[in-house]
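The values are calculated or read from the model by the stated rules, or taken from the named source; none is laboratory data. Keep in mind it's a predicted model, so treat the numbers as computed, not measured. In this analysis, Cβ positions are derived from the backbone assuming ideal geometry, glycine residues included, and neighbour counts consider all displayed protein chains.
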Amino acid sequence: MQANDLLKQISFIKEIDKLKYIQRKTKLFNSDRHENDAEHSWHLAMMALVLAEHSNRPVDILKVVKMVLIHDIVEIDAGDTFLYDTLKNHTNTREELAAAKRIFGLLPEKQAEEFVEIWKEFEDGITDEAKFAKSMDRFEPLLQNTSNNGGTWTEFNVDYQKVYDKKKAIKDGSASIWDYAENLINESVKKGILKKTP
């Protein structure tokens, strides 16, 4: 039984290496290089550990770290959906659920069930852990775009209102980080790297 579990776990570990090939639209800080999903997930995990004290409510930080490490693994099958995509909705899709079941299904049954449940909890965004994890997921690209003179906002002509509407979810996980983020958004307008539509 244990030997068989190990083979399944190694199969999963090999499969998730593909996450390193999934390119995101955002670029690394002060860089022209696109971030990949694995880098994004690692960065969110570190952010969650460092910024945990700013969560609105006490959270199980191990669960938050699991969420941010797991949340984009489905993109191995489903691909990365740009937050400001106007053609494809950036919400939990059947395609993503099928991907979660296939990829996490490589693991031993109990582990697979746990990972699928953690992924669903993140997507639902209801628990304190999910709210904080999602706030990290929205905060990181904001920091990247402000370091890159507007980054994807400029490249894809994303205006202030769209950014504000998508980023205000940060407040659900951390009011203090939202205060910081809101100031960054407003400063970006003043600097001319984020356009306000009249």
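In summary, V163 fulfils each of the numbered conditions (1) farther than 27 Å from K63 by Cβ; (2) out of contact with any helix residue (DSSP H, G or I) (no Cβ under 8 Å at 6 or more places or on another chain) with the single exception of condition (2).
On the basis of being surrounded by fewer than 18 Cβ atoms within 10 Å (Cβ to Cβ), under 26 Å from L7 (Cβ atoms) and at pLDDT below 95, does D77 make the cut? In short, yes.
Can you confirm whether region 152-161 contains a residue that is crowded, with 19+ Cβ neighbours inside 10 Å, in contact (Cβ under 8 Å) with a residue 24 or more places away in the chain and under 22 Å from W42 (Cα atoms)? Looking for residues that are crowded, with 19+ Cβ neighbours inside 10 Å, in contact (Cβ under 8 Å) with a residue 24 or more places away in the chain and under 22 Å from W42 (Cα atoms), one finds at least one in region 152-161, hence yes. Note on region 133-151: among residues that are touching a strand residue (DSSP E or B) at 6+ places or on another chain (Cβ under 6 Å) and polar (S, T, N, Q), the one that is surrounded by the most Cβ atoms within 10 Å (Cβ to Cβ) is Q144. Out of the residues in region 96-145 that are over 26 Å from L7 (Cβ atoms) and assigned to a loop (DSSP other than H, G, I, E, B), which is nearest to the chain's Cα centre (by Cα)? If we take residues in region 96-145 being over 26 Å from L7 (Cβ atoms) and assigned to a loop (DSSP other than H, G, I, E, B), then G125 is nearest to the chain's Cα centre (by Cα).
Results for (1) outside any loop (DSSP other than H, G, I, E, B); (2) closer than 28 Å to K131 by Cβ, shown as yes or no for each residue.
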{"site": "K8", "(1), (2)": "yes, no"}
{"site": "I16", "(1), (2)": "yes, yes"}
{"site": "S31", "(1), (2)": "no, no"}
{"site": "A38", "(1), (2)": "yes, yes"}
{"site": "M47", "(1), (2)": "yes, yes"}
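Considering each residue of region 48-60 in turn, at least one proves to be at pLDDT 95 or above and among the β-branched types (V, I, T). Give region 162-188 a look and list any residue that's of a type in the set (A, V, I, L, M, F, W, C) and either under 16 Å from the mean Cα position of the chain (by Cα) or surrounded by 15 or more Cβ atoms within 10 Å (Cβ to Cβ) (or both), or say none. Within region 162-188, V163, A169, I170, I177, W178, A181, L184, I185 qualify.
Residues that are within 11 Å of the chain's Cα centre (by Cα) and surrounded by 19 or more Cβ atoms within 10 Å (Cβ to Cβ) do occur in region 27-38, at least one of them. Of the helices (runs of 4 or more DSSP H) lying entirely inside region 147-198, those carrying at least 2 residues that are β-branched (V, I, T) and under 18 Å from K27 (Cα atoms) are 151-155.
Pairing residues of region 116-132 that are among the hydroxyl-bearing types (S, T, Y) with residues that are outside any helix (DSSP H, G or I) and crowded, with 18+ Cβ neighbours inside 10 Å, at Cβ distances under 9 Å and at least 6 apart in sequence or on separate chains, gives T127/V59.
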